[in-house]
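Participant: I am attaching a structure below and will ask some questions about it afterwards.
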Amino acid sequence: MLLSTMVWSGGLDGNGTNYRDSANWAGNVLPGANDVASIGNTGNRPDIWISVSVDVMEIDTLRSLVINSGSIAHATILGSGGALLKVNSSGTFDGVTATSDLELLGSFLYVQNGLMLQGSNIWLGNGVGASSGGSIVRVGIRR
């Protein structure tokens, strides 16, 4: 299997935030299941929002990813430079390994087929200890 690296451009000004908008990827091509998504420092480094299902081999990111009623499946997420994984609304991780800290912002996180955090922290609430309505992690089958 040949992996392709798809590079985030952030659109015309580098400040795009929608993961599923092809205009935010070099060549206007979205990453697929056998690809590596490479997200670097473009524009003013706004967070990248994921509101749909994302299935890639790997996401290498220098920018925070915000799951907002979306999901990430079968991926290794290599966050660096302070990049966080944030769950803003309900989200699903399905067989995910991550090196980024996980921040649950008063939301539901569904975990299927495992979530492995390597050298990472889990923050409940807003990341500074104050809860904003509580966070719930459910492991198993989503009902």
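Participant: On the principal axes of its Cα set, how long, how wide and how thick is the stretch 4-139? Give whole Å, largest value first.
Facilitator: Projected onto its principal axes, the Cα set of the stretch 4-139 covers 40, 30, 25 Å.
Participant: Still on this structure, I have one more. Please list the three semi-axes, largest first and in whole Å, of the ellipsoid equivalent to the stretch 1-66, using sqrt of 5 times the eigenvalues of its alpha carbon gyration tensor.
Facilitator: 18, 12, 11
Participant: HN-Hα J couplings of the stretch 73-90 from phi, Karplus 6.51/-1.76/1.60, θ = phi - 60°, integer Hz, Gly and Pro as x?
Facilitator: Calculated HN-Hα couplings, in order: 10, 6, 10, 9, 10, 9, x, 9, x, x, 5, 10, 9, 10, 10, 8, 10, 4 Hz.
Participant: Here's something else I'd like to know. According to a simple spin-label model (label point 7 Å from Cα along Cα-to-Cβ), what is the distance in nm between Asn121 and Thr97?
Facilitator: For Thr97 paired with Asn121, the spin-label model returns 2.4 nm.
Participant: Let me ask something else. Could you give the size of the charge dipole of the stretch 4-139 about its Cα centre, using +1 on the Cβ of each K and R and -1 on the Cβ of each D and E, expressed in debye and rounded to the nearest 20?
Facilitator: Value, rounded to 20: 220 debye.
Readers should treat all values here as calculations from the given coordinates under stated rules, not as data from a laboratory. Because the structure is a prediction, the values reported are computed rather than measured. Note: ideal-geometry Cβ built from the backbone for every residue, glycine included; neighbour counts use all protein chains shown.
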